[in-house]
Amino acid sequence: MHFEKEVGESLTYKFAQAAGEMRAQGREIISLGLGEPDFKTPDYVVEATIQALQNGFTHYSATQGWPELRKLIAEDCSRSYGADYTLNDVIVTPGIKSAVYFSLAAILEPNDEIILISPYYVSYPAMVKLAEPTAKIVSVTLNRDFTLDQDQLARAFSPRTKAILINTPNNPTGMVLSREEVELVVRLAAEYNSYIISDEVYEKLVYSACRHTSFGLYPEIRDRLIICNGYSKSHAMTGWRLGYAIGAHDVIAKMNKLQQHINTNTCTFVQVGACSIYKNEPVHIQPYVDELEKRISYFNSELNKLPYITAVRPKAGFFCFVDISAVGVDSNTFCADLLKKTGIASTPGIAFGPEWDDHVRFSIAVPMNTLQRAVGLLNNYRYGA
């Protein structure tokens with residue numbers, strides 16, 4: 001298999017691995033690298049999954065996904081978007097990455113163009129090139145305040161644009177597309193007959209001053225829309241590897257063919273257990289979002305007091321994407337030096353697009369006292385000292 005240059009090692013995991021090795025050697029490590037919720041999976045999901053195991057749900061399930069789970073997803077999305085989705089419009093996959101990749105593989109053909117919003121989730125370029133090596137990536141760079149450059153976006157669309165892959169709320173910036181920005185994407189995609197692949201995994205982790213607008217709300221694009229989502233962030237189920245895609249039926253059908261030959265099916269008892277998510281009130285989410293907002297208010301404020309960091313306050317999610325251009329070094333060098341001198345693990349901005357080598361991503365998915373310890377170390381840190 002030919003690997004395009006975009007199919008490289010994930011820098012998020014590279015630095016996490018380096019931090020793990022240092023921890024094994026006895027160093028104190030403060031991990032602000034990976035975005036993983038610091039609460040446990042809700043008990044009702046665990047109990048329902050154990051019950052599924054005990055009841056013998058350990059064999060094959062339908063390739064497209066456990067029918068009850070697909071039905072529950074379709075009903076939930078139909079209520080949220082004012083749509084009429086059915087279980088046939090849903091595919092359940094081993095993680096949201098699989099949902100995004102299968103979407104790309106089902107849509108892209110040789111020499112198609114696809115638009116990515118930069119900074120983007122670290123795996124998007126690799127996914128595009130694995131799905132279709134000849135696809136051309138057209139990058140639209142956010143403004144420095146992480147708003148969408150609407151003129152640049154309009155110029156990026158062309159008759160060759162097969163799709164736009166977009167993540168809102170966004171990793172790594174924590175930005176949330178405004179309704180106006182979402183409607184611009186919808187209008188352009190409709191005008192150029194392009195698909196929208198919308199990764200909305202952080203939709204339930206939006207802070208109080210903001211509101212998430214889903215692409216699912218717009219019927220004019222529904223037959224060219226794939227929404228990818230799951231439970232890893234909202235229900236602390238990163239290790240369960242469970243995601244889904246819902247949308248254009250012809251694309252879902254192609255994704256199902258891919259799943260038949262690659263995964264056979266997603267883990268049966270995990271799917272059966274996940275049905276409980278739609279049968280219980282998600283009472284854990286709002287307290288967690290409130291806690292995340294307290295953390296980001298503190299951390300963002302403290303970072304902006306440092307002479308070498310400028311931070312834009314995020315609107316959702318786990319991350320603070322900060323400008324380190326005042327340091328005068330690239331993001332890999334900064335992150336390596338920071339880890340060595342302070343034990344703070346972070347992620348270099350270049351992982352999210354070449355335009356962002358003067359940025360670094362910190363995760364706030366850690367207890368407040370850990371953030372306070374990190375702030376103390378950052379206050380005393382100087383590059384080259």
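We did not get these values from a lab; they are worked out from the coordinates using the rules stated. Predicted model, so just to flag it, every value in this text is computed and none were measured. Cβ atoms come from the backbone with ideal geometry, glycine included; neighbour counts cover every protein chain shown.
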Based on Cβ point charges of +1 for Lys and Arg and -1 for Asp and Glu, what charge dipole magnitude is obtained for region 228-385 about its Cα centre, in debye rounded to the nearest 20? 320
Based on the alpha-carbon set only, what is the convex hull volume of the chain divided per residue, in Å³? 144
If you bin every alpha carbon distance in region 170-215 into 10 Å steps from zero, what whole percent lands in each bin? 25, 52, 21, 2
In nm, spacing of pseudo-spin labels at residue 55 and residue 377 (7 Å Cα→C-beta vector): 4.6
In nm, give the distance between the simple-model label positions of residue 280 and residue 21, each being 7 Å from the Cα along the Cα-to-Cβ direction. 4.0
Based on the mean of other beta carbon atoms within 10 Å per residue, what is the order of 176-186, 64-74, 194-204, most packed first? 194-204, 64-74, 176-186
What is the gain in length, in nm to one decimal, between residue 84 and residue 193 on full extension, counting 0.36 nm per residue of separation less the C-alpha to C-alpha distance? 37.1 nm
Any chymotrypsin sites (Phe, Trp or Tyr not before Pro) in region 77-169 that lie in a DSSP loop and have at most 14 other Cβ atoms within 10 Å would be none
The chain: relative contact order as a whole-number percent, Cα under 8 Å and 6+ apart: 24
Which of 265, 185, 72 sits closest to the plus end of the dipole of region 43-278, meaning its Cα is farthest towards the positive end, when Lys and Arg get +1 and Asp and Glu get -1 on the C-beta? 265
Give me a comma-separated list of calculated 3J(HN,Hα) values for region 86-95, in order, Karplus coefficients 6.51, -1.76, 1.60 applied at θ = phi - 60°, integers in Hz, x for any Gly or Pro. 10, 4, 6, 9, 10, 10, 9, 10, x, x
Rounded to the nearest 10 degrees, the helix 285-303 long axis (Cα) sits at an angle to the longest Cα principal axis of the chain of 30
Relative to the longest principal Cα axis of the chain, at what angle does helix 179-191 sit, 0 to 90 degrees, rounded to 10? 50
Taking springs between alpha-carbon atoms closer than 10 angstrom, which of 79, 241, 313 fluctuates most in the Gaussian network model of the chain? 79
Measure out, as a whole number of angstrom, how far apart the alpha-carbon centroids of region 317-362 and region 192-248 sit. 27
Report the residue, chosen from 365, 326, 236, that carries the largest GNM mean-square fluctuation when the chain is represented by alpha-carbon nodes joined by springs under 10 Å. 326
Of 105, 336, 24, the most mobile residue in a GNM of the chain (C-alpha springs, cutoff 10 Å) is 24
Short version: ³J(HN,Hα) in whole Hz for each residue of region 258-271, in order, from phi by Karplus 6.51 cos²θ - 1.76 cosθ + 1.60 (θ = phi - 60°), x for Gly and Pro, what are they? 4, 4, 4, 9, 10, 9, 6, 7, 7, 2, 5, 5, 5, 5
Helix 43-54 axis, angle to the chain major axis (alpha carbon atoms, nearest 10°): 50
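Using helices alone, what [θ] at 222 nm do you get for the chain, with -39,500 (n - 2.57) per DSSP H run of 4 or more residues, divided over all residues and rounded to the nearest 500?
-12000 deg cm²/dmol
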Taking the mean number of other Cβ atoms within 10 Å as a proxy for protection, how do you rank 107-118, 36-47 from highest to lowest? 107-118, 36-47
Assigned charges on the beta-carbon of Lys, Arg, Asp, Glu; the chain dipole about Cα centre (debye): 640
